[in-house]
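The values are calculated or read from the model by the stated rules, or taken from the named source; none is laboratory data. Only a predicted model underlies this, so the values are computations on that prediction, with no experimental measurement involved. Ideal geometry is used to build each Cβ from the backbone, glycine not excepted, and the neighbour counts take in all protein chains shown. Calculation scope for accessible area: heavy atoms of the full protein, side chains included, ligands and nucleic acids excluded. Shrake-Rupley method; radii C 1.70, N 1.55, O 1.52, S 1.80 Å.
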Amino acid sequence: MSESYAPSPELAAQANGQESLFAEAEADFEGFWAAQARERITWAKDFDVTLDWSNAPFAKWFVGGELNVAYNCVDRHVEAGNGDRVAIHFEGEGGDTRTITYADLQKEVAKAANALTSLGVAKGDRVAIYLPMIPEAVFAMLACARLGAPHSVVFGGFSSEALHTRIADADAKVVITADGQFRRGKPAPLKAAVDAAIAHGDDESPVETVLVVQRTKGDVDWHEGRDQWWHDVVDGQSDTHEAQPHDSEHPLFILYTSGTTGKPKGIFHTSGGYITQAAYTNSVVHDLHPESDVYWCTADIGWVTGHSYIVYGPLANGATQVLYEGTPDTPHQGRFWEIVEKYKVSILYTAPTAIRTFMKWGDDIPAKYDLSSIRILGSVGEPINPEAWRWYREHIGGGSAPIVDTWWQTETGGIMISPLPGVTELEPGSAQRPIPGISAEILDDEGQPFTEAEKVGYLVLTKPWPAMLRGIWGDEQRYKDTYWSRFGPKYYFAGDGAKYDEKGNIWLLGRVDDVMNVSGHRLSTAEIESALVSHEAVAEAAVVGAADETTGQAVVAFVILREEAQERADEVGEGGDLVQELRNHVAKEIGPIAKPRSIMIVPELPKTRSGKIMRRLLKDVAENREVGDVTTLADSSVMNLIQSGLQK
Ligand code: PRX
């Protein structure tokens, strides 16, 4: 049975995203995007050419145009007389707060830009940012954008190992971090991971300066000459700074994401196209009305959602938003709803994994708070199951708020497939249609597009789009191979399975490659496998993403131990301690988000004759299903061996 929900007439009448946009984009694709760019963005120099796709798959958008992204996110709002508008309501985990207007933001960004200049950061230099969700993270990103120094934000939950790889790959000159971060009410060190990342191995680190925000006032090791306190360097700077225009295609940031191999990909984005699509989508998909809405995106700035829908989109639109440092259950499970009530949040953008967790905690928790300010709900990061969708609308959205289920990726830079809240009849569980200006299709195994309902295929994007990645940092070939070769150079292959329903809505069905989605975070099986194999006890490892009620998928690992380790494990009776040690080892190598839910010690792994691990079969085991077809295995008895070993 299909159910659908039409927008209310009031919303339909006042929504930013109207039906007519589809026809406009259809009639004149480039004209449509050129209009978005000119309407939403202030250009220091207008562009001559909307799209140059002559060197596909390397796109250039708004060619010849010049702009300053930070000026667009900050200064122009002050110049327009909105300096007193709150840009950020900061809510610290411990309840400390800070109200930052656009005029304040302008000063903070100017000081940070002046400080970075004084540290020798020039246009084109890379700056790594490894910070908790505090206002300085936003100041730092915008200061980099202002100077044209691409930032590489690394999620504060990543380990020093992961940070090291990212610093080295981007050749970052400066790292901006904090002494520590609050996690579930307690301070945890952060700078120590930067120290370890820089001291890592024998290679000389590119890092010249570590700029340290004081957040937890914990002890830190200090490296004279390299380390500087943010308050020493930034606070005394002039609070004015003249923003220089940069080319539309000037790199804005690098953001690492997991691919199908062990090495993370530095997805790189440029300025004019990215900011245009971020602003446009935040306006038409979230239906942001900056003069009246209070917007809250609960993502971390370490992920692309935080880049596009905390920093760049909402600030380019002059939004008032909440920035929350903490977790949903500290100090209590009503924390999110307390924040919604306090700031009268009207647009909330969060992830299905959080929604499922709230469902588990119980309806009575949100019911204690006044959530009547909410008028639009958003979902991002993974498919939202219809039960969670209905719960979200009922218990958070007062039974009437439209939910926009937004499909996109680090690579796409902005939302691609989503309902428009004032137009679309909503279908729970489906991201529905490409938004105006975006074109997608579903292909079969042979690369042929089809439109039959319920047939499963591969999602592809059929036209370039302004916020598309411009490549993988330092690896042109990998960019072509990963995205533009599976179905030939005409199609961007997203890596997701998809189908249509009988109404033509698109349903996203999860990754079709060796990428897992755990709590909306992308993890690669290969990356976790290599972390496991780097432990002395492990001879071989295979990792799968197993279905999990709360997190969508969970990491399940199968490992073969080295002989001595196996003997030791046998002697002690079981490998329990070792399993725990291996789980912690993965957390140390990558970060706690990658910690396997379970690790099974097995005598063999199922492999094809060419030696490829058949993860499909391991997934059957991990999900407690009968094991599927084993005929392509080199040794078909392996699965029996694994299963009898696990039953023991
Ligand atoms: O599999 C899709 C899933 O998340 C992947 C992108 O992950 P990442 O680059 O980390 O960006 C996450 C935030 C945009 C996609 O390939 N995904 C994201 N949003 C959805 C989704 N799957 C289904 N429905 C969504 N709304």
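Please compute the length gained on full extension between residue 564 and residue 332, using 0.36 nm multiplied by the number of residues separating them and subtracting their Cα-Cα distance.
This chain segment gains 78.9 nm when fully extended.
Applying 1/(1 + (r/R0)^6) with R0 = 25 Å to the Cβ-Cβ distance of residue 186 and residue 360, what FRET efficiency is obtained, to the nearest 0.05?
0.60
Round to the nearest 10 and report in Å² the accessible area of residue 161, as given by a 1.4 Å probe over the protein chains' heavy atoms.
Rounded to the nearest 10, the figure is 60 Å².
Relative to the compact-globule scaling 2.2 N^0.38 Å, provide the ratio for the alpha-carbon radius of gyration of the stretch 550-648.
1.13
So with the 1.4 Å probe, I'd like the accessible area per residue for the chain, rounded to whole Å².
That works out to 38 Å² per residue.
Calculate what fraction, in whole %, of the accessible area of the stretch 275-368 sits on carbon and sulfur atoms when a 1.4 Å probe is rolled over the protein chains.
53 percent
Can you tally the net charge around residue 383? Count Lys and Arg as +1, Asp and Glu as -1, for every other residue whose Cβ sits under 10 Å from the Cβ of residue 383.
Surrounding charge for residue 383 is -3.
Which GluC sites (Glu not before Pro) does the stretch 420-466 hold that lie in a coil by DSSP with at most 11 other beta carbons within 10 Å?
Within the stretch 420-466, the qualifying GluC sites (Glu not before Pro) (loop, at most 11 other Cβ atoms within 10 Å) are 446, 452, 454.
Can you give me the % of accessible surface on the stretch 511-617 that is carbon or sulfur? Probe 1.4 Å, all protein chains present, nothing else counted.
47 percent
For labels at residue 221 and residue 26 in the simple 7 Å Cα→Cβ model, what's the distance in nm?
Label-label distance for residue 221 and residue 26, simple model: 6.2 nm.
Which residues does a label at residue 238 reach in the stretch 62-86, if reach means a backbone N under 12 Å from a point 7 Å past the Cα toward the Cβ?
none
How would 281, 240, 424 line up by accessible area, probe 1.4 Å, largest first?
240, 424, 281
Just report the Cα centroid separation between the stretch 195-234 and the stretch 447-526, whole Å.
Answer, in whole Å: 39.
So for the chain, taking the charge dipole from beta-carbon charges (+1 Lys/Arg, -1 Asp/Glu), which of 466, 269, 530 sits furthest toward the positive end?
Towards the positive end, the residue furthest out is 466.
Once R0 is set to 60 Å, what does the formula 1/(1 + (r/R0)^6) return for the Cβ-Cβ distance between residue 641 and residue 46, expressed as a FRET efficiency to the nearest 0.05?
0.30
Applying 1/(1 + (r/R0)^6) with R0 = 45 Å to the Cβ-Cβ distance of residue 444 and residue 199, what FRET efficiency is obtained, to the nearest 0.05?
The computed FRET efficiency comes out at 0.30.
Give me the net charge of residue 479's neighbourhood, meaning all other residues with Cβ under 10 Å from the Cβ of residue 479; Lys, Arg count +1, Asp, Glu -1.
Here the charged neighbours net out to 0.
If you bin every alpha carbon distance in the chain into 10 Å steps from zero, what whole percent lands in each bin?
In whole percents, the pair-distance histogram is 3, 16, 26, 28, 19, 7, 2, 0.
Run the simple label-point estimate for residue 38 and residue 490 please: 7 Å along Cα→C-beta, distance reported in nm.
3.2 nm
Among the listed pairs 123/265; 186/344; 123/173; 263/480, give every one whose C-alpha distance is greater than 18 Å.
123/265; 186/344
Give the shape of the stretch 351-412 as rounded, prolate or oblate, defined through the alpha-carbon gyration tensor: a ≥ b ≥ c are the square roots of its eigenvalues, a/c under 1.5 means rounded, and otherwise the shape is prolate if a/b is larger than b/c and oblate if not.
prolate
Starting from 0.36 nm per residue, how many nanometres of slack lie between residue 598 and residue 55 once their C-alpha separation is accounted for?
Difference between extended and current length: 190.9 nm.
If I ignore ligands, DNA and RNA and count only protein heavy atoms, how much of residue 107 is accessible to a 1.4 Å probe, in Å² to the nearest 10?
That residue has around 90 Å² of solvent-accessible surface.
State the percentage of accessible surface on the stretch 10-147 attributable to carbon and sulfur atoms; use a 1.4 Å probe and exclude ligands, DNA and RNA.
Accessible surface attributable to carbon and sulfur in the stretch 10-147 totals 47 percent.
Once fully extended, how much extra length lies between residue 342 and residue 3, figured as 0.36 nm per residue of separation less the alpha-carbon to alpha-carbon distance?
Difference between extended and current length: 118.7 nm.
Report, to two decimal places, the Cα Rg of the stretch 1-99 normalised by 2.2 N^0.38 Å (N = number of residues).
1.55
Quick one: the Cα spread of the stretch 509-556 along its three principal axes, in angstroms, biggest first?
Principal extents (largest minus smallest coordinate, Cα): 35, 20, 14 Å.
With a 10 Å radius around each residue's Cβ, average the other Cβ atoms per peptide and rank 410-421, 464-475, 201-212, 350-361, highest first.
410-421, 464-475, 350-361, 201-212
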